[in-house]
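**Q** Supplied in structure tokens, the structure appears directly below.
The values are calculated or read from the model by the stated rules, or taken from the named source; none is laboratory data. Values in this document were obtained by computation on a predicted structure and should not be read as measured data. Methodologically, a virtual Cβ is constructed for each residue, glycine included, from the backbone with ideal geometry; neighbour enumeration extends over all protein chains shown. Heads up: the accessible areas ignore ligands, DNA and RNA and are worked out on the full protein's heavy atoms, side chains in. Shrake-Rupley method; radii C 1.70, N 1.55, O 1.52, S 1.80 Å.
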Amino acid sequence: MGDTSRLCSVWLGSETGILKGVSLARKQAFNFCNTSHLSRDQEVRALCWGDPAESELLVGSVDGTVKTFSVEKGAFTETRRCGDPADGCFVGLASLSGSALVTCAECGTLRVWREDGGGSEPAAELDAGKNVCRMRQSPVHPHKVATGGKENGLKIWDLEKPEKPVFAAKNLRDDWLDLRRPQWVRDMAFIPDSDKVVTCTGYHQVHVFDPSTPQRRPVLEVEYGEYPLTALSLPAGGNAVVVGNTHGQIAMLDLRKGLVRGALKGLAGGVRALQCHPSQPLVASCGLDRFLRIHSLEDRKPQHKVYLKGGAGATGGAQEVKEEDDDDDLWETMERVEETPKRKPTEEDEGIEEEELQKKSKKKRKKGKD
Amino acid sequence: MDITEVPVSQDNKGKKKKNKKAKKKSVSQEGNEESGGVETKEEKMEKSEPAFPPTFSVSEIKNKQRRHLMFMKLKQEKRKVKTYKYHKKEEKEREALGDKAPPKEVPKTIENQRVYDETTVDPEDEEIAFDEGTDEFSAYFNGLTNPKVLITTSDRPRGRTVRFCEQLATVIPNAHVYYRRGLALKRIIPQCIARNFTYLIVINEDRKVPNGLVLCHLPDGPTAHFKISSVRLRKEMKRRGKDPTEHSPEVILNNFTTRLGHSIGRLFAALFPQDPQFVGRQVATFHNQRDFVFFRFHRYIFKNEKKVGIQELGPRFTLKLRSLQKGTFDSKFGEYEWVLKRHEMDACRRKFQL
């Protein structure tokens, strides 16, 4: 079990509680299940790495339990009860410097749990409003989290001062009929080198907020498509964002000017989760059509496609996709694929030579005619 | 006349092909004499006709008249293959050879050449069995609910659509037709759920002809949107039987092999009650071929153990799936499990989704 789990570079959770690890080298998905009895209660809603070394996965299920999965051992090591199913499902999971765990439920209760001692009582609790759709942790400052939801704007919280949000976004200006604009934050991400946060909404908008400025309204607004955007991810470059909507359209947007750079084709169902590779220009997407697809961001071509035995997991509900860091063994195969871009310069050279020859021959013909 | 015609035509051909005939004789002679001559082979290829190298095609002959003649000959041969005489001859040869006959060539069809779909469901797969056991249709397939169908149309339907709805209601047991009255579907759905309906069918009309179907499974089930084509009402059916009775029909679902096909198949199956009344001898068939679902409704009678007679009753129509959405009807904010993206999916003629 341990060896198959070590092979997997992409991890997904499914609707039936099965954790699927996908090995891209073998183009195969492996199932890891806690109990022999599958049930819809165990639907995986949130997934995150337990530690920076990426050796443990924290899996949050609908019934309020958070399970720890060890990648080395290939099995679930412990289960913690972190909240009632009555609160709603998990919308975010994050781990704080090893021992603590931050969970956020749909009803808005954000709780910090300590591993030692406090089994049933959270160490800190705060209310992030109603109908929260997503909670994300800042990669630079682990004690900062952002939440957002339906009619619940973006709020950035500092867990050390849980009374008031550090930044609470204002809704957009009223539209041309003076009607209040509805807001529905579906997903957000912290932009690495600055304070900015980018969010995507259910009204097909992408907003960038800058807490360092006094402006509480979005600094940049981009519209894409006609369907709600469900997932968001930041590629390694820094100026772009990849978004996916309920129709299976994935696009790369440039945040400098707010233009659509290009779309990634192939998905047939709504996008549930997007994850970019931390250093390479690759993005993994999974959706309701039960396929995991890896696209290259440079030429927007699909590199890998793995069928996730829906069936069960019907990875129909697959959530976050996480990728391991530059693990040479695993990403070697990816490098092979990337050889094709290297060929491009040579092709271009050949093309140029041919053109020159053609031009020469044309000139000769013209001379002949004359 | 007959006697004279033949030599005339030969002469004509002879005149045009004088050079060729002369060459033919010489070449055939050479051919007979030299069986292994490598040097002269190239010459033969240039001039000859009877012994063509395998990669030769008619279009390589530069002379238009000769090319035309060769092409006509080719066409005649092809036509001959299709004739009855030719087939009979082949059969006789086959019988004569007996066991040594080469195997019959299976003609290539698009269904034969279908690209293998990795989402094809394996009947013994546990994961899929579990998934299907706990999905939205589980209540129906476990016998807990009986189907109750509400059929309606888009606003202000005209003749054909109204008659189509009425006929559908006779085909599907426990179906009720209601006039739309311009109501919003999102408001109708909670009311249907309150009145224990399990299905909502909305037939969309365009220019007095039904062209779309929205099939929504009610408590919280998937919504499928189809395109309808070739609707034939009862009056237009040839050799049809009498009107269908109130008995529940049997349901036949053909060729729904992929995971998506399974979902759609279950969607259709859950429209009809679980126990068919065999007394009624009626059967509804949903046949999937090349992503088109053909609906037929028949009455059958067994004449003896091996022979069945069927009468087609009821409407017939063809459906093509356009999108499958998770949850009840919500085209703006719903999540789609599958959307038909024509330019991406219809690019390969041999790849099908259902």
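**Q** Against the conditions (1) in contact with a strand residue (DSSP E or B) (Cβ under 8 Å, 6 or more places away or on another chain); (2) at pLDDT below 90, where does A:ASP326 fall short? Just the number, please.
**A** The failed condition is (1).
**Q** Are any residues in the stretch B:306-328 of a type in the set (Val, Ile, Thr), assigned to a strand (DSSP E or B) and touching a residue at least 12 places away in the same chain (Cβ under 8 Å), and if so, which ones?
**A** Answer for the stretch B:306-328, where residues must be of a type in the set (Val, Ile, Thr), assigned to a strand (DSSP E or B) and touching a residue at least 12 places away in the same chain (Cβ under 8 Å): B:ILE310, B:THR318.
**Q** Taking the conditions exactly as written (part of a helix (DSSP H, G or I), more than 30 Å from B:LYS104 (Cβ to Cβ) and at pLDDT 85 or above), does B:LEU74 satisfy them or not?
**A** Here the answer is no, as B:LEU74 does not meet what is asked.
**Q** So A:MET252 clears everything in (1) under 29 Å from A:TRP11 (Cβ atoms); (2) in contact with a Pro (Cβ under 8 Å, 6 or more places away or on another chain); (3) within 14 Å of chain B (Cβ to nearest Cβ) except one condition, right? Which one?
**A** The single condition A:MET252 does not satisfy is (3).
**Q** Which of the residues that make up the stretch A:176-227 are part of a strand (DSSP E or B), closer than 16 Å to A:ASN245 by Cα and acidic (Asp, Glu)?
**A** Of everything in the stretch A:176-227, those that are part of a strand (DSSP E or B), closer than 16 Å to A:ASN245 by Cα and acidic (Asp, Glu) turn out to be A:ASP187, A:GLU223.
**Q** For A:GLY262, only one of the following conditions fails: (1) more than 14 Å from chain B (Cβ to nearest Cβ); (2) of a type outside the set (A, V, I, L, M); (3) touching a strand residue (DSSP E or B) at 6+ places or on another chain (Cβ under 8 Å); (4) part of a loop (DSSP other than H, G, I, E, B). What is its number?
**A** Of (1) more than 14 Å from chain B (Cβ to nearest Cβ); (2) of a type outside the set (A, V, I, L, M); (3) touching a strand residue (DSSP E or B) at 6+ places or on another chain (Cβ under 8 Å); (4) part of a loop (DSSP other than H, G, I, E, B), only one is false for A:GLY262: (4).
**Q** Here's something else I'd like to know. Can you name the number of the only condition in (1) outside any loop (DSSP other than H, G, I, E, B); (2) under 35 Å from the mean Cα position of the chain (by Cα) that B:ALA96 fails?
**A** All conditions pass for B:ALA96, except number (2).
**Q** Oh, and also: Tally time: how many residues in the stretch A:107-138 are under 26 Å from A:THR230 (Cβ atoms) and either surrounded by 14 or more Cβ atoms within 10 Å (Cβ to Cβ) or of a type in the set (Ser, Thr, Tyr) (or both)?
**A** Residues that pass the stated criteria total 16.
**Q** Continuing with the same structure: For the stretch B:161-168, does any single residue satisfy the condition of being in contact with a helix residue (DSSP H, G or I) (Cβ under 8 Å, 6 or more places away or on another chain) and within 14 Å of chain A (Cβ to nearest Cβ)?
**A** Among the residues of the stretch B:161-168, not one is in contact with a helix residue (DSSP H, G or I) (Cβ under 8 Å, 6 or more places away or on another chain) and within 14 Å of chain A (Cβ to nearest Cβ), which makes the answer no.
**Q** Quick one: is B:ASP291 within 20 Å of the chain's Cα centre (by Cα), within 14 Å of another protein chain (Cβ to nearest Cβ) and on the phi > 0 side of the Ramachandran plot?
**A** yes
**Q** Collect the residues in the stretch B:257-305 that are in a helix (DSSP H, G or I) and either within 23 Å of B:LYS238 (Cα to Cα) or of a type in the set (Asp, Glu) (or both), keeping them in residue-number order.
**A** Within the stretch B:257-305, just B:GLY280 meets the criteria.
**Q** Okay, moving on. Limited to the stretch B:110-146, what total is found for residues that are within 23 Å of the chain's Cα centre (by Cα), open to solvent by less than 60 Å² (accessible area, probe 1.4 Å) and within 11 Å of another protein chain (Cβ to nearest Cβ)?
**A** Total satisfying the criteria: 4.
**Q** Are there any pairs with C-beta distances below 9 angstrom linking a residue in the stretch B:65-94 that is among the β-branched types (Val, Ile, Thr) to a residue that is surrounded by 10 or more Cβ atoms within 10 Å (Cβ to Cβ), with the two at least 6 apart or on different chains, and if so which?
**A** Hits for this filter: B:VAL81/B:HIS87.
**Q** When you look at B:LYS100, is it open to solvent by 70 Å² or more (accessible area, probe 1.4 Å), away from every other protein chain (no Cβ under 14 Å) and in contact (Cβ under 8 Å) with a residue 60 or more places away in the chain, yes or no?
**A** no
**Q** Still on this structure, I have one more. With the condition kept exactly as written, say whether any residue in the stretch B:333-347 is open to solvent by less than 40 Å² (accessible area, probe 1.4 Å), free of Cβ contacts under 8 Å to residues at least 12 places away in the same chain, aliphatic (A, V, I, L, M) and within 14 Å of chain A (Cβ to nearest Cβ).
**A** There is at least one residue in the stretch B:333-347 that is open to solvent by less than 40 Å² (accessible area, probe 1.4 Å), free of Cβ contacts under 8 Å to residues at least 12 places away in the same chain, aliphatic (A, V, I, L, M) and within 14 Å of chain A (Cβ to nearest Cβ).
**Q** Within the stretch B:315-327, is even one residue within 18 Å of the chain's Cα centre (by Cα), within 14 Å of chain A (Cβ to nearest Cβ) and at pLDDT below 90?
**A** No.
**Q** On to the next question. Condition test on B:THR258, is it of a type in the set (Ser, Thr, Tyr), under 27 Å from B:GLU124 (Cβ atoms) and open to solvent by less than 10 Å² (accessible area, probe 1.4 Å)?
**A** yes
**Q** Out of everything in the stretch A:197-223 that is surrounded by 23 or more Cβ atoms within 10 Å (Cβ to Cβ), of a type in the set (Val, Ile, Thr) and over 16 Å from A:ARG173 (Cα atoms), what residue ends up being farthest from the chain's Cα centre (by Cα)?
**A** The selected residue is A:VAL197.
**Q** How many residues does the stretch B:264-285 hold that are open to solvent by 20 Å² or more (accessible area, probe 1.4 Å) and under 23 Å from the mean Cα position of the chain (by Cα)?
**A** Of the residues in the stretch B:264-285, 2 are open to solvent by 20 Å² or more (accessible area, probe 1.4 Å) and under 23 Å from the mean Cα position of the chain (by Cα).
**Q** Which condition number in (1) of a type outside the set (Asp, Glu); (2) open to solvent by less than 40 Å² (accessible area, probe 1.4 Å); (3) assigned to a loop (DSSP other than H, G, I, E, B) is the one that B:LEU168 fails?
**A** It is condition (3) that B:LEU168 fails.
**Q** Additional query: Of everything in the stretch B:293-314, what is open to solvent by 20 Å² or more (accessible area, probe 1.4 Å), at pLDDT below 95 and of a type in the set (A, V, I, L, M, F, W, C)? Give them in sequence order.
**A** Matches in the stretch B:293-314: B:ILE301, B:PHE302, B:VAL308, B:ILE310.
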